[in-house]
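Heads up: the structure comes next, in structure tokens.
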Amino acid sequence: MIVKVIGAFIAIAAFAILLESPKRYLWCAGVVGAVGWLVYLVCEKAGADEVLATFFSAMAIAIVSHIFARVFKAPVTVFLIAGILPTVPGAGMYRIAYNIIAGNSELAAHYLITTLELAGAIAIAIFLVDAMFRVSHRGWKQNSLRYDGKMNEKQL
């Protein structure tokens, strides 16, 4: 399991280079991806199904991304986009296309449903964590730890 987490760290740091993330945040993106993959592996080992493991993994990735964004005063997406890569159901999308081309519509439909479930779990997890941080940090400016003390009508 440790080798897989280290591999995820290296893969995500390398992917962050491809995304042209700022160099000072490359290791942070790697940590986000490694944490997410560790949560996924632990959930899988505990007997959770793939969708639930993906949901908890995406939640962990979103939480760590928000924490890093506040600590390093950077946008959340710098950490989130690269870090979410291990949980994205890319293999499922490949299997859908392959089975459509091969003429196996039943298997293609199965993979389509599974891939949509995984993508939905990721989207819901990111939304919930983002909403949690928005509610709990009212008045905090984006990309900053300064509190302006004023709440405008948009924030209410």
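Okay, here's what the table says:
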{"read-out": "Qualifying helices (runs of 4 or more DSSP H) (wholly inside the range 1-96; at least 2 residues being within 11 Å of the chain's Cα centre (by Cα) and not hydrophobic (A, V, I, L, M, F, W, C))", "value": "26-45, 50-72, 76-83"}
{"read-out": "Residue in the range 44-54 that is buried (at least 20 other Cβ atoms within 10 Å of the Cβ) and in contact with a helix residue (DSSP H, G or I) (Cβ under 9 Å, 6 or more places away or on another chain) present", "value": "yes"}
{"read-out": "Candidates Val35, Val31, Val71, Val42 - the one that is out of contact with any Leu (no Cβ under 7 Å at 6 or more places or on another chain) and farther than 21 Å from Val3 by Cα", "value": "Val71"}
{"read-out": "Matching residues, the range 68-114, being touching a residue at least 60 places away in the same chain (Cβ under 8 Å) and crowded, with 20+ Cβ neighbours inside 10 Å", "value": "Ala69, Ala82, Gly83, Leu85, Pro86"}
{"read-out": "Within the range 58-96, considering residues that are small (Gly, Ala, Ser) and out of contact with any helix residue (DSSP H, G or I) (no Cβ under 8 Å at 6 or more places or on another chain), the one farthest from Ser21 (Cα to Cα)", "value": "Ala91"}
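Readers should treat all values here as calculations from the given coordinates under stated rules, not as data from a laboratory. The model shown is predicted, which means the values in this text are computed figures rather than measured ones. No Cβ is skipped: glycine too gets one built from the backbone with ideal geometry, and neighbour counts run over all protein chains shown.
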